[in-house]
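Data first, discussion second: the structure below is written as structure tokens.
The values are calculated or read from the model by the stated rules, or taken from the named source; none is laboratory data. Just so you know, these numbers come straight off a predicted model, no measurement behind them. Note that each Cβ is placed from the backbone with ideal geometry, even for glycine, and that neighbours are counted across all protein chains shown. Just so you know, the surface numbers come from the protein's heavy atoms only, side chains and all, with ligands and any DNA or RNA stripped out. Shrake-Rupley method; radii C 1.70, N 1.55, O 1.52, S 1.80 Å.
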Amino acid sequence: MAEGNPGTNPVTDAGATPSPADLGTALCGLWKEPLSWLVLALPAAVVLEYLDAAELWIFMVSALAIVPLAGLMGRATENLAETLGAGIGGLLNATFGNAAELIIGLMALWKGPAMYPLVKASITGSIIGNILLVLGMAILVGGLYYPRQVFNRTAAGMGATLLALASIGLILPTLYYRLQHTAAGLSAEALHNIESLSEEIAAILAVIYLLSLVFSLRTHRHLFAGAEEELPATGEHRQPEWNRRTSLIVLLFTTAGVAWMSRLLVGSVEHAGQALGLNHVFIGVFVVAIIGNAAEHSTAVLMASKNKMDLTVHIAVGSGIQIALFVAPVLVFASMLLGHPQSLDLHFTPLEIMAVIFAVGVLALVAQDGETHWMEGIMLLGVYVILALAFYHLPGGGL
Amino acid sequence: MAEGNPGTNPVTDAGATPSPADLGTALCGLWKEPLSWLVLALPAAVVLEYLDAAELWIFMVSALAIVPLAGLMGRATENLAETLGAGIGGLLNATFGNAAELIIGLMALWKGPAMYPLVKASITGSIIGNILLVLGMAILVGGLYYPRQVFNRTAAGMGATLLALASIGLILPTLYYRLQHTAAGLSAEALHNIESLSEEIAAILAVIYLLSLVFSLRTHRHLFAGAEEELPATGEHRQPEWNRRTSLIVLLFTTAGVAWMSRLLVGSVEHAGQALGLNHVFIGVFVVAIIGNAAEHSTAVLMASKNKMDLTVHIAVGSGIQIALFVAPVLVFASMLLGHPQSLDLHFTPLEIMAVIFAVGVLALVAQDGETHWMEGIMLLGVYVILALAFYHLPGGGL
Amino acid sequence: MAEGNPGTNPVTDAGATPSPADLGTALCGLWKEPLSWLVLALPAAVVLEYLDAAELWIFMVSALAIVPLAGLMGRATENLAETLGAGIGGLLNATFGNAAELIIGLMALWKGPAMYPLVKASITGSIIGNILLVLGMAILVGGLYYPRQVFNRTAAGMGATLLALASIGLILPTLYYRLQHTAAGLSAEALHNIESLSEEIAAILAVIYLLSLVFSLRTHRHLFAGAEEELPATGEHRQPEWNRRTSLIVLLFTTAGVAWMSRLLVGSVEHAGQALGLNHVFIGVFVVAIIGNAAEHSTAVLMASKNKMDLTVHIAVGSGIQIALFVAPVLVFASMLLGHPQSLDLHFTPLEIMAVIFAVGVLALVAQDGETHWMEGIMLLGVYVILALAFYHLPGGGL
């Protein structure tokens, strides 16, 4: 399921751009958007790092800097995709739509196995964040404007099934881990077994992701057409906001920026967590995961408030699928190349697994009738809050 | 979701009452209904208690007395609600609709932490009893009269989602308990942690319950209108059966009666269980929980036999929601005020948790197509019987 | 739900048989079908056994022989059913439709309690095989011909609910087993308790199966009519392929053949597993279970390629239901009669239980919209492959 950040684009919404902007015009345009000013957090983070400031400050400022950078990255990807035509463009959106999460994950992987729990927490956090927080908030806000909103059940149902399939892939290594866990921990052989299983499952998930792209971009494009038709179109073919060169340059710089900030974020996360009195897993699931999704979040809510529910569901559910079936496998494969003594497996904490199961289950219940109202948003958010409380109460030693 | 006992009222069904009855007329009316005679079990229980009879007898007779008292209480609440108009009346129904279960729970709480397992068993028993036994029996009986019955999918789907959300709230403290459980039991710190988590979850559930009332009583009243329109209406506005004064007096006396009988019931439950060879949890889930629901049970079955399936689903599912999202949180808060060394938490036995998950899952499957036939009733009842067998075989020490 | 092998019959598909074939004509007809030649594996297996060949060879050849024998058995049952009229015929199909699985199970039971894990693995393997492999492959192949195929949601939804109910019956004894499991194993009393619970659950499942036959064959026959109308009909009443005498003789000989081959299969399975480096449970779930289902498998795929999706769903889901609600209870009862020190209980390995839950959950998601496309087939098959990987990685000692 191709997932981009369509519609983050307030300029085409005005319907007035006659041609794609070059770099200067693009920067002038960004200058006028309040969110872009957050980019100033980037130099601030660099200064704080240079001054050897408290880790908590570095953590917070670098996190702040990632939000607009991830947004710009998504926007550049989307613009680039549009200049490349439906086929390759769709593929580009589908692979780089969650690039920020991917970069944060890679930076954390690099630091070695001690960071694996954080990487995994940010994966599960991204999945439940997209389903419960992003979709819940969008449905709630949309529901405040419209008493009843409708969306395509087939596309949403397929999304829920894909997420269920991914959950199954995440549950099995965890089951193996828990069942073989004794007071003495796991044997090296058992750990190796779980690693192999994780790698094979990651391969299957990646293949299924590719096939789902064939389905949504080629053979059954029309099922997802609702989402695309809702995009603002100028004339016969929708005009991209930026031209290809601008898009590429923005993409290059924001990617570098996200990578740099992620390095600071990952380096400071441990002390920041201690300073805030929050456990590792909570930070991963509820802080790191939200940073990379903030842009999708605002777009999904905006679209819901314009009654474009197909697009809303497409962004939120599609992003969750991309994390589960593309980002997670890529991180597993990347960890195999990094040469650490142990590669990233797919065994999660029981609470993370329960959280994913709950999120997918509630999504399936909410998606099945093809309509939403504000109370459904409340219920999704309610599950998110209950899960946040549970993660907050995680005992120090973990479970 | 407002849940009352609409339609327990056989007199308005006849459509002949010109004005609400005063106390004398009301008592004469009750005199003619066979069920009311069960109220005689109340003085019988008092006599048995005075004579220091076997606990088993006291248990059975007081349980018998609660059935008609709970029924009258629901009816008085409903009549009172009608004299108060839709807004406050709906709220009254929504808060006192399961008052009998609440009173039994409070009486048990009062006796101290040793009774907590029974209180919790009666909560889960009420949830699964409403979903599996009450709804299953109603669908089966309705299905014997009509080959196919239909109901509003949206309202039923929302009910299933609310119950799923509540289940999540009940599962998490249990997960914490099980994962931290060692041969030496739980540390005081861990227990305190679970108590805090339970209290926070109870608060969230209560807030979501309030919002669901706003949804069903105000913003999306029409979705639940099917259930109300099916009620017999005399003239322009439905006439209550009793006048306000009669309703208040009946409510006062039946509440006192239920409280008194609950005290006897709770005092005798332990010995009665031993005498019957039944474990604590079984008694809570399958005996105590049924007593308080008997009136809803008969109403739901009656409505199904009249092909009023919206009302049937409304009573059964709504009652389950009320227990899970209102009665359970209120009991948690009440236990905090009672000054026991330990307050009521939301950690349940694994079997109770599985039972709730199964019940909600099967409900979601049955509710999703918006139609019922007798085999669906059989399947709900089949799950109930399988669960009863499982609870019956619980080993002495519990699991 | 009556489940036979309707449509395995390539002759009536041609629509040219004027009257049911006698034995000679039937054998001539079979002679022309390539699959029938596989029957030659039967004498081959006997010869290998006589020559005391490697167990692995005996295992493989006897497995190969069961495939066509099970297919012929199903075909003979179906023909016999047609000569007996709808009522008794439906019952015959419903009880003997999975006779091959039943015979393999009985042969394994006979060898004693050491074979119980294999019997249970073949039960769960048959359930997930029908839902994930057979249905998944059929939906995929059908989807390659038709972009969108539809089926009756009510019948499929009821099938999913029945399977959910059966899963609950399989989960509870397993839960009891796991919760009471200590380093010292289970006490004799606990084992006996689980046996009693299993037997009672088996009885409930069997009763529900009978009632589901009343539903699908009598009171709500029309819901399943889609499946039957799709069968090729010649003239007013569909002509059976073979006459009654031929059917009976074929049934007799194939039953004897399946029994004989099952004995060889069961006798060689342990050494074959060791030789292949596969664990016991994997063999049961993915090898033994597939052998008995191969005929259904090809029929379901054939029907999907002809856009007869009601029939496809009927065969795959119906076969799963028959295994869970009829074959499993019958095997439990049979084990009680065999006089072994311990009878077959319904406690499974955690992985088997998870596999069944996943399969039923994904089926419910796929069935709920009443339409299929190739990606749904991929998703079902994806879950099957992920499960196969997980079972393959089962540690030697089991979990």
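What the table below lists for this structure:
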read-out	value
Qualifying residue in the stretch A:104-124 (condition: open to solvent by 30 Å² or more (accessible area, probe 1.4 Å), under 19 Å from A:Ile315 (Cα atoms) and either under 16 Å from the mean Cα position of the chain (by Cα) or in contact (Cβ under 8 Å) with a residue 40 or more places away in the chain (or both))	no
Among the candidates C:Ala388, C:Ala316, C:Ala364, C:Ala300, residue that is open to solvent by less than 30 Å² (accessible area, probe 1.4 Å), within 14 Å of another protein chain (Cβ to nearest Cβ) and within 30 Å of A:Leu223 (Cα to Cα)	C:Ala364
Residue within the stretch B:340-363 that is of a type outside the set (D, E, K, R) and on the phi > 0 side of the Ramachandran plot present	no
Qualifying residue in the stretch C:350-358 (condition: free of Cβ contacts under 8 Å to residues at least 24 places away in the same chain and open to solvent by less than 10 Å² (accessible area, probe 1.4 Å))	no
Positions within the stretch C:140-149 being more than 12 Å from every other protein chain (Cβ to nearest Cβ) and either closer than 20 Å to C:Ala364 by Cβ or surrounded by 23 or more Cβ atoms within 10 Å (Cβ to Cβ) (or both), in sequence order	C:Gly142, C:Gln149
Residue satisfying all of: in the stretch A:47-82; of a type in the set (Ser, Thr, Tyr) and surrounded by 19 or more Cβ atoms within 10 Å (Cβ to Cβ); nearest to A:Ala259 (Cα to Cα) among these	A:Ser62
Subset tally (residues that are buried (at least 24 other Cβ atoms within 10 Å of the Cβ) and of a type in the set (Gly, Ala, Ser)) for the stretch B:375-385	1
Matching option when the condition is at positive phi and in contact (Cβ under 8 Å) with a residue 24 or more places away in the chain, among C:Asn307, C:Asn279, C:Asn293	C:Asn307
Residue ranges of helices (runs of 4 or more DSSP H) in the stretch C:107-206 with at least 3 members more than 24 Å from C:His373 (Cβ to Cβ)	C:116-128, C:153-180
Count of residues meeting criterion [outside any helix (DSSP H, G or I) and small (Gly, Ala, Ser)] in the stretch B:276-302	1
Pair list, Cβ under 8 Å, 6 or more apart: the stretch A:175-191 residue over 13 Å from C:His393 (Cα atoms) and within 8 Å of chain C (Cβ to nearest Cβ), other residue open to solvent by 80 Å² or more (accessible area, probe 1.4 Å) and assigned to a helix (DSSP H, G or I)	none
Residue list for the stretch A:194-213, restricted to those being within 7 Å of another protein chain (Cβ to nearest Cβ) and open to solvent by 10 Å² or more (accessible area, probe 1.4 Å)	A:Ser196, A:Glu200, A:Ile204, A:Leu211
Some residue of the stretch C:179-191 being farther than 17 Å from B:Val362 by Cα, open to solvent by less than 40 Å² (accessible area, probe 1.4 Å) and modelled with pLDDT of 90 or more	no
Filtered residues of the stretch C:125-139 (kept if farther than 12 Å from C:Ala300 by Cβ and open to solvent by 10 Å² or more (accessible area, probe 1.4 Å))	none
Given (1) modelled with pLDDT of 90 or more; (2) open to solvent by less than 20 Å² (accessible area, probe 1.4 Å), index of the condition B:Gly89 fails	(1)
Count - residues of the stretch A:303-313 that are in a helix (DSSP H, G or I) and surrounded by fewer than 24 Cβ atoms within 10 Å (Cβ to Cβ)	2
Boolean, B:Pro341 is within 24 Å of B:Leu175 (Cβ to Cβ), surrounded by fewer than 24 Cβ atoms within 10 Å (Cβ to Cβ) and of a type outside the set (Ser, Thr, Tyr)	no
Check on A:His393, within 14 Å of chain B (Cβ to nearest Cβ), closer than 28 Å to A:Leu179 by Cα and not hydrophobic (A, V, I, L, M, F, W, C)	yes
Residue match in the stretch A:55-69 (condition: without any contact (Cβ under 8 Å) to a residue 12 or more places away in the chain and charged (D, E, K, R))	no
Residue match in the stretch C:152-164 (condition: open to solvent by less than 10 Å² (accessible area, probe 1.4 Å), within 14 Å of C:Ile353 (Cα to Cα) and within 11 Å of chain B (Cβ to nearest Cβ))	yes
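To keep it simple, each residue is scored yes or no on (1) over 14 Å from B:Thr254 (Cα atoms); (2) part of a helix (DSSP H, G or I); (3) among the hydroxyl-bearing types (Ser, Thr, Tyr).
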{"site": "B:Leu56", "(1), (2), (3)": "yes, yes, no"}
{"site": "B:Phe59", "(1), (2), (3)": "yes, yes, no"}
{"site": "B:Ser62", "(1), (2), (3)": "no, yes, yes"}
{"site": "B:Pro68", "(1), (2), (3)": "no, yes, no"}
{"site": "B:Leu72", "(1), (2), (3)": "no, yes, no"}
{"site": "B:Arg75", "(1), (2), (3)": "no, yes, no"}
{"site": "B:Gly87", "(1), (2), (3)": "yes, yes, no"}
{"site": "B:Thr95", "(1), (2), (3)": "yes, yes, yes"}
